[in-house]
1. Starting from the Cα coordinates of segment 5-153, work out the convex hull volume and express it per residue in Å³.
2. Please tell me which of these pairs span more than 21 angstrom C-alpha to C-alpha: LYS276/LYS427; LYS213/LYS347; LYS213/LYS272; LYS39/LYS427; LYS113/LYS276?
3. Between ASN558, GLY171, LEU510, whose Cα lies farthest towards the positive end of the dipole of the chain when Lys and Arg beta carbons carry +1 and Asp and Glu beta carbons carry -1, centred on the Cα centre?
4. Round to a whole angstrom and tell me the spacing of the C-alpha centers of segment 23-51 and segment 429-445.
5. Charges at C-beta only: +1 for Lys and Arg, -1 for Asp and Glu. How large is the resulting dipole of the chain about its Cα centre, in Debye rounded to 20?
6. Using the alpha carbon gyration tensor of segment 1-73, what are the three equivalent-ellipsoid semi-axes (square root of 5 times each eigenvalue), largest first, in whole Å?
7. If you line up the long axis of helix 757-766 against the longest principal axis of the chain, both from Cα atoms, how many degrees apart are they, to the nearest 10?
8. Calculate the length of the line joining the C-alpha centroid of segment 582-637 to that of segment 306-383, in whole Å.
Amino acid sequence: LARRDATSIYSDWIHVIVDSYHDRRNAFRFAVNPLGVQKDVLHSDDRSEDLNWDAVWEVATSIDSAGWTAEYRIPLSQLRFGSAQPGEERIWGLQVQRDIARTGERDSWSPWKRADPGFVSFAGDLTGIVDIPTPRRVEFVPYTSTKVSRAPGNPKNPFYRSTDVNPSVGGDIKFGLPSGLTLNATVNPDFGQVEVDPAVVNLSAFESFFPEKRPFFVEGASIFNIGSVRSGPSYGFGQIFYSRRIGRAPQRFVSGVYVDAPDATTILGATKLSGKSGPWTVGFLDAVTAKETARVDDGKGLRTSAPVEPMTNYFVGRVRRDYRGGKTIVGIGGTAVNRDLKDPGFKNLLRSRAEVGSLDFEHRFWNGQWQASGALSASSIGGSQRVITNSQRSSSRYFQRPDADYLGVDSSRNGLSGNSLVLGLTKAGNFSMSATAKQISPGYEVNDLGFMGRVDYRNLGGSASYSSFTPGKLFRDFNYGAGTNHAWNYGGDKIWSSYFNYFNATLNNLWYLGGGSEYNPGNVDDRLTRGGPEGRQPTQGGVYLYGGTDSKRRLPFNLNLAYFGDSNGGYSRSVNPGVDYRPSSSIKLSFQPGISRFHNTIQFVQSVSDPNMTATFGRRYVFADLYQTTLSATTRVEWTLTRNLSFQMYAQPFASSGDYRGFKELAARAVDKYNTFGEGSSTITPVTNVGKVQSYTVDPDGAGPAPTFTLSNPDFRTQSLRGNAVVRWEYRPGSALFFVWQQQRSAFTPFEGDFQFRRDTQDIFGR
């Protein structure tokens, strides 16, 4: 027994999959287990699954001495199909599958193998459908919520309330169009039931990526995968549409003695048109977020307000057309962001506009075993000269790099443009292979409504693997593969090389294991100095292993181990065990602790100006040996009282410390060589206050001409506890009541980098 759409339940299932478009690429899955737990899935691109699609349908099950049966009642309004002429026969794709938990077996009515290149395209045909009307589909879901927050705070803060009550109302409406498309609109959506993000410590130059969890944006999200390509190993990561930009945290920081700023931007409304009509697949989304304002108090009773986020319009659209029965697809898509920057506080902070356009294709050949795909994208941003200058100097680009003769900062520009080209080739089957060719120009930018790290590179990668799904004496199935991946910046410097192999297997007793290794020769790193000259990474290599017991047992466990080291003595070690416990069929407890130790021999600290340092273009780039320890423990409790009433709890205590030692400077451009402060004629002197080292005074050359400078002590300790609990009652199909509790605690201690297990874990729960 589990809540609807549960993925971690191991049970018998019956699946009914309907391809009502009959395009061999999209389908609707309706599944049920013997206790009546429902699961509905939206399939796209022949294989992809979207568990966030929720249909309104009914099913009843019965268990007897001969086994079990399921009787479905699926309204036609939950399927998607266009109109037909009177007397015209419709043909739908149909697949029926049965999962047998005790043997780990899946049986399909229409033959399908795991090595096949797709899934929906192997469905059988359902014929004899004549004169069924295109149903009217109208769903209106009003909702109301009341948020009660209790938190400790400063009683002198005029904005502090020990108990804060925030009521809210809104609603969703879905309207089915005769063509088979669906119009979905939401007003003032509330996402209080969404699980909180895990805690991380990010010491890189790029932001952390967190997946989307909000239902309105997750449902049917695959149609908005603009510029996505099926390919092999590749360098870098990015996506043109990243829906978490809509409703993001305000981007302007306001200072004051007391500040009351919103945590997120209010989504006033959003509209989505999506679906398939004939050979056309369509997706359009438009959202408007409110102008957000922070309240500021100077501590003497004078209150003011300051805008922290402008009113913004977000748009994303994509149209694709099928040819050759879905074996060839051509598409076009794009995004646009427009901000109202009338307030002078935003003019030199945010871009006024950002657009991205993309063309993509997929082409299957040789019985569908091979697939070629590609995407060509172009971006354009606009804003004030200061904003565009900052964009050129951002961590994605670093146009100011002194040794990059093909780049340069132009402070007179009001716009920036770039392009991206990705090509992929894949082969499915027992022997599979893949290849990638990619280039991202230096001016490319999608972060206003997308997500990306660095740009300015060309990439080639490829891999090959062999899979066997025929049970043998030891293995039920296994897979082994190997590949390589390389990247160069637009200046021709090689910035990445990787050689890797991997394996995974399922034993006949349904235990599983896997692992792999990777080797990275030392290459130039044009991001190491955060905008300065190129550095060089040491040679790196490592191995990882994982395994687990049969997941359907009452007490299954798993273990993940990893070790990576480099030629400078740096390393990364991690141990992540996990255990599940099912005391009954309706209760599941999950505990996933993890500990990692990390030694980075070239952790960037800061840069300081010094005209005497000609080897690094008039600046000193300071690094350190970072010793970081991180401990976390993810706990989940799932209690399903009935198939319509469930309780879920998630909690993650987290502690991390960073100890910086051996401060040093880059000796010259593009070398893995450093001058350590405190050696030779250089000196480094700690500056203490209240018994803590808060900074260091550095003299790079003793009696030489170089000026002294100060380093702030970057040591840190941080702890947090994040969790939530959700009671969900689906009191009628399509309608649900949620009760949500959230807990978030955090602490940050500067100037201390030692990790003490007992102290740090007590700090988490003692605050």
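Since every read-out is calculated from the coordinates, none of them should be taken as a lab result. None of the values given here were measured: they were computed from a predicted structure. Cβ sites come from the backbone with ideal geometry, for glycine too, and all protein chains shown count toward neighbours.
1. Convex hull volume per residue, Cα atoms: 202 Å³.
2. LYS276/LYS427; LYS213/LYS347; LYS39/LYS427; LYS113/LYS276
3. GLY171
4. 29 Å
5. 540 debye
6. 23, 14, 10
7. Taking the Cα atoms of the chain, the angle to 757-766 is about 70 degrees.
8. Between the Cα centres of segment 582-637 and segment 306-383 lies a distance of 33 Å.
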